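Okay, so here's the structure we're looking at.
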Amino acid sequence: MLIRCGYEITLTCQQPTALVCLLSVHPDSFADLRVPETVFTNPIVPTSTYHDLFGNLCRRLVAPAGDLTIWGDATIWDDGKPDQVLPFAQEMAVPDLPDDCLVYLTGSRYCETDRLSQIAWDTFGHISPGWSRVQAICDFVHSHVLFDYMQARSTRTAFETYQERIGVCRDFAHLAVTFCRCLNIPARYINGHLGDIGVPVVDPMDFSAWIEVYLAGAWRTFDPRNNTPRIGRIVVARGRDAADVPLINSFGPHILKAFRVWTYEVPEAV
């Protein structure tokens, strides 16, 4: 199947302001692009791209004083299958993990492993290691936290999410990531597109957050917010938590004036 995804974001800055944007399809999926991403700004400003430490594609630009609109659009191939469920996938002992997994075992800005370690072991330590334990974490987070878009807060941490029991998809992801790391299971935060293919219509559309967990020698997808296999995930950025992968990192104040995201299936050419 083919999925079209994109965004239109308008910012207002009082003075010229440097931006770094993580809005494009992740380079790991470039081979699946059927219509490469088109990006433009209004007014037109120079942009350049680079790859960060996690392999994400980042776009640099300087927003002028006043309004700036950033628009991007691409079409990507997807196999149309829901997320894999591998109930027999096992955890790996820390000494056997690849070197690049180790960074996803420790605490980070929004994932306070030190504050949640004892809670994690008390709650999940008795569950058999592997897929069942990670799924139990997602089940717990899904039921423990109430989703409320109006309660979004950019500074909320995993420990605060656990205490407040409310949040948005990034908070669900942070809490599940932290529990996994507390139990010595590498886990990373994902930002991306997730449309409403195979589920009731999602409106308004938005970027989504979920997690990837290292089991049986590979990164596996889990989604504590929705907690059910979904079709058509499109990864934009991966990192330790949301601090590593902001949609827009602004080096100066700005006001978000307009925000629109689209993700939907399109017919394949005959």
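Pick from Arg153, Arg181, Arg220: which is outside any strand (DSSP E or B), modelled with pLDDT of 95 or more and either within 21 Å of Tyr7 (Cα to Cα) or of a type in the set (Lys, Arg) (or both)? Give the steps one after another, and end with the answer.
Values: Arg153 fails: modelled with pLDDT of 95 or more; Arg220 fails: outside any strand (DSSP E or B).
One residue alone meets the criteria, Arg181.
Note on region 26-56: residues that are under 18 Å from the mean Cα position of the chain (by Cα) and not hydroxyl-bearing (Ser, Thr, Tyr) amount to 10.
Tell me, which residue of region 120-129 that is in a helix (DSSP H, G or I), free of Cβ contacts under 8 Å to residues at least 60 places away in the same chain and not hydroxyl-bearing (Ser, Thr, Tyr) is farthest from Phe179 (Cα to Cα)? I'd like the intermediate steps shown before the answer.
First pass over region 120-129, keeping only residues in a helix (DSSP H, G or I): 120-124.
Right, trim to free of Cβ contacts under 8 Å to residues at least 60 places away in the same chain and you get 122-124.
Those left that are additionally not hydroxyl-bearing (Ser, Thr, Tyr): 122, 124.
On the way: Asp122: 11, Phe124: 9 Å.
So, considering only residues that are in a helix (DSSP H, G or I), free of Cβ contacts under 8 Å to residues at least 60 places away in the same chain and not hydroxyl-bearing (Ser, Thr, Tyr), the one farthest from Phe179 (Cα to Cα) is Asp122.
Enumerate the pairs (first residue in region 44-65 and in the same structural domain as Ile255 (by TED's automatic domain parsing); second residue anywhere and of a type in the set (Gly, Ala, Ser) and exposed (fewer than 12 other Cβ atoms within 10 Å of the Cβ)) with beta-carbon separation below 6 Å, excluding pairs fewer than 6 apart on the same chain, so at least 6 apart or on different chains. If the second residue must be of a type in the set (Gly, Ala, Ser) and exposed (fewer than 12 other Cβ atoms within 10 Å of the Cβ), the pairs left are Arg60/Ser48. Scanning region 130-150 for residues being part of a loop (DSSP other than H, G, I, E, B) and in contact with a Leu (Cβ under 8 Å, 6 or more places away or on another chain) gives a total of 2.
Can we say Ser132 is of a type in the set (S, T, N, Q), within 23 Å of Phe88 (Cα to Cα) and either at pLDDT below 95 or out of contact with any helix residue (DSSP H, G or I) (no Cβ under 6 Å at 6 or more places or on another chain) (or both)? Outline the logic, then answer.
Numbers: of a type in the set (S, T, N, Q): yes; within 23 Å of Phe88 (Cα to Cα): yes; either at pLDDT below 95 or out of contact with any helix residue (DSSP H, G or I) (no Cβ under 6 Å at 6 or more places or on another chain) (or both): yes.
For Ser132, the condition - of a type in the set (S, T, N, Q), within 23 Å of Phe88 (Cα to Cα) and either at pLDDT below 95 or out of contact with any helix residue (DSSP H, G or I) (no Cβ under 6 Å at 6 or more places or on another chain) (or both) - is met.
So which residues in region 222-234 are more than 11 Å from Gly198 (Cα to Cα) and crowded, with 19+ Cβ neighbours inside 10 Å? Spell out the reasoning first.
Here is the first cut: in region 222-234, the ones more than 11 Å from Gly198 (Cα to Cα) are 222-228, 233-234.
Phe222, Asp223, Pro224, Arg225, Arg233, Ile234, listed by residue number.
Can you find a residue in region 207-221 that is under 18 Å from the mean Cα position of the chain (by Cα), surrounded by 13 or more Cβ atoms within 10 Å (Cβ to Cβ), of a type in the set (Phe, Trp, Tyr) and assigned by TED's automatic domain parsing to the domain that holds Leu53? No, region 207-221 contains no residue that is under 18 Å from the mean Cα position of the chain (by Cα), surrounded by 13 or more Cβ atoms within 10 Å (Cβ to Cβ), of a type in the set (Phe, Trp, Tyr) and assigned by TED's automatic domain parsing to the domain that holds Leu53.
What number of residues within region 57-86 satisfy the criterion of being more than 23 Å from the chain's Cα centre (by Cα) and surrounded by fewer than 16 Cβ atoms within 10 Å (Cβ to Cβ)?
Residues of region 57-86 more than 23 Å from the chain's Cα centre (by Cα): 62-68.
Keeping just the survivors that are surrounded by fewer than 16 Cβ atoms within 10 Å (Cβ to Cβ) gives 62, 64-67.
So the answer is 5.
The values are calculated or read from the model by the stated rules, or taken from the named source; none is laboratory data. Just so we're clear, the structure is a prediction, and the values are computed from it rather than from any experiment. Here Cβ is always computed from backbone atoms with ideal geometry, including for glycine, and neighbour counts include all displayed protein chains.
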